[in-house]
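The values are calculated or read from the model by the stated rules, or taken from the named source; none is laboratory data. These figures come from a predicted structure and were not determined experimentally. Here the Cβ positions follow ideal geometry from the backbone for every residue, glycine too, while neighbour counts run over all protein chains shown. Keep in mind that these areas ignore ligands, DNA and RNA; they rest on the heavy atoms of the full protein, side chains included. Shrake-Rupley method; radii C 1.70, N 1.55, O 1.52, S 1.80 Å.
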Amino acid sequence: MSNVVILGTQWGDEGKGKIIDLLTEYASTVVRFQGGNNAGHTLVVGGEKFILHLIPSGILHPGKKCLIGNGVVVDPAVLISEIKRLRARGVKVTPKNLALSERAHLIMPYHNALDLAREARKGKKKIGTTGRGIGPCYEDKAARVGLRVVDLLNRKHFLANLRTNLEEKNFILEKFYKAEPLNRAKITRDSAKWTRFLAPFVANITERIDQTVRKNENILFEGAQGTHLDLDHGTYPFVTSSNPVAGSVSAGAGLGPKRIDSVVGLVKAYTTRVGDGPFPTELMDKIGKHLRDHGQEYGSTTGRPRRCGWLDTVVLRESARLNSLDMVALTKLDILTGLDKIKICVAYKLDGKKIKYIPADLNAFERCEPVYETLPGWTEDISGAKKMSGLPRAVQKYIHRLTDLIEVPVGIVSVGADREQTIMLKNPFKTSRKR
Ligand code: GDP
Ligand code: IMO
Ligand code: MG
């Protein structure tokens with residue numbers, strides 16, 4: 001039995017959905033443990049594309065269980081429409097293969113409204129959130145006033161808390177942000193529909209995970225966002241409001257840290273960022289455009305164009321340390337095809353000094369200039385490669401240099417969006433540490 005965590009090492013959108021879908025074959029259960037529908041995880045199977053926001057990326061595999069842990073913030077309307085959309089495309093989604101933690105917090109319409117109003121007020125200083133109410137929902141959780149999934153099952157309690165919360169939120173929305181207040185009667189009506197639809201999916205997820213562990217079955221933990229969007233370790237305040245690092249599995253799904261066997265870090269072969277915040281290797285030139293156009297770098301959740309730049313190994317080394325990465329899954333290598341030369345950032349120059357870390361002071365990080373190493377590019381189409389030996393020498397050189405720089409082996413290489421376009425060098429379920 002082994003429990004594997006898959007997470008993003010950059011600023012999200014590294015290709016987690018694809019790799020999780022691929023590895024689901026070796027697990028019985030896939031668990032989301034943080035974030036919400038700010039995530040957009042893309043799966044391509046036989047040319048057909050699915051984008052998942054809340055439902056774990058194992059859902060396309062019949063017979064596998066998908067669990068949404070307590071650390072996730074759940075917008076009930078979004079979850080319902082995601083279930084319906086999948087069903088309309090012939091994917092079976094029932095309480096047999098999907099369960100939702102009773103302890104997960106609910107994203108309420110006032111969270112979305114506050115997220116949008118706050119961003120609008122910040123103007124140029126905005127974070128560039130997805131506008132899905134993620135921050136305000138986690139705030140309420142920490143302030144101990146949030147509504148949880150379990151509250152949907154106790155109507156009296158739910159409505160009493162809704163009334164109290166809405167009184168405060170509407171005051172802030174109207175008086176401070178000069179925004180429209182929300183209508184309690186509408187939320188009350190909608191919430192009755194949420195309860196009817198979602199009640200059969202509600203479960204004690206930590207107990208389900210424990211049962212799975214006791215049966216010696218494999219579990220895959222699906223990270224959302226990326227390490228540098230982490231609330232504690234990322235480029236604060238340009239971060240999300242949860243902890244996408246590996247340590248978050250224990251709090252967000254209720255599995256003790258000693259039960260985690262292997263951590264796989266997703267690395268996109270270049271860097272992207274959607275939303276605001278510092279990004280030292282960002283390219284505003286034709287190479288940046290090449291990456292955006294060829295990589296179709298537009299947000300899976302909001303459709304916003306993603307900012308693109310060279311691979312940054314300062315960022316990756318920090319991710320390797322913060323998550324104790326066992327291996328890397330390297331994605332979108334095919335997108336680098338056709339570039340004359342390829343650069344890798346190996347350090348920063350800060351006020352004339354060479355450094356190999358990310359300064360906590362954002363002003364200092366903004367002054368960091370990348371120090372690059374240049375490697376030869378390649379022109380061969382690699383999107384059909386099945387083996388490492390089938391890759392051009394320049395591609396192999398790029399992979400080896402990355403491994404040397406971050407001191408983590410590359411175990412999976414992805415050369416296209418489809419499940420099939422993958423070279424598996426090491427299967428994390430077969431190479432996990434012995435407990
Ligand atoms: P996630 O949030 O980490 O799951 O990543 P997204 O789904 O938001 O963005 C990754 C995008 O790259 C999706 O459109 C994937 O279909 C696509 N993708 C994943 N791996 C590869 C790859 O190796 N090559 C190419 N060309 N596309 C890929
Ligand atoms: P996946 O799981 C990329 C970014 C937003 C913004 C910041 C805060 O698909 O990799 P939030 O709405 O969370 O308060 O926004 O975080 N962000 C993501 N960027 N991929 C994601 O998820 C993201 N989820 C949030 O763009 O900069
Ligand atoms: Mg995404």
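Can you pull out every residue in segment 137-166 that is open to solvent by 10 Å² or more (accessible area, probe 1.4 Å) and within 19 Å of TYR236 (Cα to Cα)?
TYR138, GLU139, ALA142
Here's the yes/no breakdown for (1) within 16 Å of ligand 3 (Cβ to nearest atom); (2) assigned to a helix (DSSP H, G or I); (3) open to solvent by 10 Å² or more (accessible area, probe 1.4 Å); (4) not assigned by TED's automatic domain parsing to the domain that holds PRO280:
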position	(1), (2), (3), (4)
LYS18	yes, yes, yes, no
GLU25	no, yes, yes, no
LEU43	yes, no, no, no
ILE51	yes, no, yes, no
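State yes or no: is VAL73 away from ligand 1 (no atom under 16 Å from the Cβ), assigned to a loop (DSSP other than H, G, I, E, B) and in contact (Cβ under 8 Å) with a residue 12 or more places away in the chain?
Answer is no for this residue.
Kindly establish whether LEU7 is within 13 Å of ligand 3 (Cβ to nearest atom), in contact (Cβ under 8 Å) with a residue 24 or more places away in the chain and within 21 Å of PRO257 (Cα to Cα).
When the stated conditions are applied, LEU7 passes them.
Taking GLU380, is it under 24 Å from the mean Cα position of the chain (by Cα), surrounded by fewer than 17 Cβ atoms within 10 Å (Cβ to Cβ) and charged (D, E, K, R)?
no
Can you tell me which residues in segment 27-39 are open to solvent by less than 10 Å² (accessible area, probe 1.4 Å) and either within 14 Å of ligand 2 (Cβ to nearest atom) or touching a Pro at 6+ places or on another chain (Cβ under 8 Å) (or both)?
VAL30, VAL31, ARG32, PHE33, GLN34, GLY35, GLY36, ASN37, ALA39
Is one or more of the residues making up segment 83-94 within 16 Å of ligand 2 (Cβ to nearest atom) and of a type outside the set (Ser, Thr, Tyr)?
The answer is no; no qualifying residue exists.
Checking the conditions here, which among LYS426, LYS430 is within 14 Å of SER262 (Cβ to Cβ) and modelled with pLDDT of 95 or more?
LYS426
Which members of segment 114-147 meet the condition of being part of a helix (DSSP H, G or I) and of a type in the set (Lys, Arg)?
ARG118, ARG121, LYS122, LYS124, LYS125, LYS141
Please go through segment 117-134 and give me each residue that is within 21 Å of the chain's Cα centre (by Cα) and within 23 Å of LYS186 (Cα to Cα), ordered by number.
GLY131, ARG132, GLY133, ILE134
Take the residues in segment 304-355 that are under 20 Å from the mean Cα position of the chain (by Cα) and of a type in the set (Asp, Glu), then tell me which one is farthest from LYS18 (Cα to Cα).
Among them, the one singled out is GLU318.
Look through segment 93-136, keep the residues that are closer than 29 Å to PRO62 by Cα and of a type in the set (Gly, Ala, Ser), and return whichever of them is surrounded by the most Cβ atoms within 10 Å (Cβ to Cβ).
Here the answer is SER101.
Yes/no matrix, rows are residues, columns are (1) more than 16 Å from ligand 3 (Cβ to nearest atom); (2) touching a helix residue (DSSP H, G or I) at 6+ places or on another chain (Cβ under 7 Å):
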position: LEU231; (1), (2): yes, no
position: VAL239; (1), (2): no, yes
position: ASN243; (1), (2): yes, no
position: PRO257; (1), (2): yes, yes
position: ASP261; (1), (2): yes, no
position: PRO278; (1), (2): yes, yes
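So the check is Cβ under 7 Å with 6+ separation or different chains; which pairs have a first residue in segment 232-244 that's assigned by TED's automatic domain parsing to the domain that holds VAL72 and within 12 Å of GLY12 (Cα to Cα) and a second one that's part of a loop (DSSP other than H, G, I, E, B) and more than 8 Å from ligand 2 (Cβ to nearest atom)?
Listed by first residue and then by second, the contacts come to VAL239/ASP230; VAL239/LEU231; THR240/LEU231; PRO244/GLN34; PRO244/ASP230.
Suppose we filter segment 383-417 for residues that are touching a Lys or Arg at 6+ places or on another chain (Cβ under 8 Å) and buried (at least 17 other Cβ atoms within 10 Å of the Cβ); how many remain?
6
Given the criteria modelled with pLDDT of 95 or more, more than 25 Å from LEU7 (Cα to Cα) and in the same structural domain as PRO257 (by TED's automatic domain parsing), does GLU318 qualify?
In short, no.
Can you name the number of the only condition in (1) within 16 Å of ligand 1 (Cβ to nearest atom); (2) at positive phi that THR129 fails?
Among (1) within 16 Å of ligand 1 (Cβ to nearest atom); (2) at positive phi, the lone unmet condition for THR129 is (2).
Can you work out which of the residues in segment 263-306 that are part of a strand (DSSP E or B) and surrounded by fewer than 23 Cβ atoms within 10 Å (Cβ to Cβ) is farthest from ligand 2 (Cβ to nearest atom)?
GLU282
Which of the residues spanning segment 1-16 are among the charged types (D, E, K, R) and assigned to a loop (DSSP other than H, G, I, E, B)?
Correct list: ASP13, GLU14.
Among the residues of segment 152-169, is there at least one that is of a type outside the set (Ser, Thr, Tyr) and more than 25 Å from GLU102 (Cβ to Cβ)?
yes
Please pick out the residue among LYS186, LYS175, LYS193 that is modelled with pLDDT of 95 or more, out of contact with any helix residue (DSSP H, G or I) (no Cβ under 9 Å at 6 or more places or on another chain) and open to solvent by 60 Å² or more (accessible area, probe 1.4 Å).
Step by step, each of LYS186, LYS175, LYS193 is checked, and only LYS175 is modelled with pLDDT of 95 or more, out of contact with any helix residue (DSSP H, G or I) (no Cβ under 9 Å at 6 or more places or on another chain) and open to solvent by 60 Å² or more (accessible area, probe 1.4 Å).
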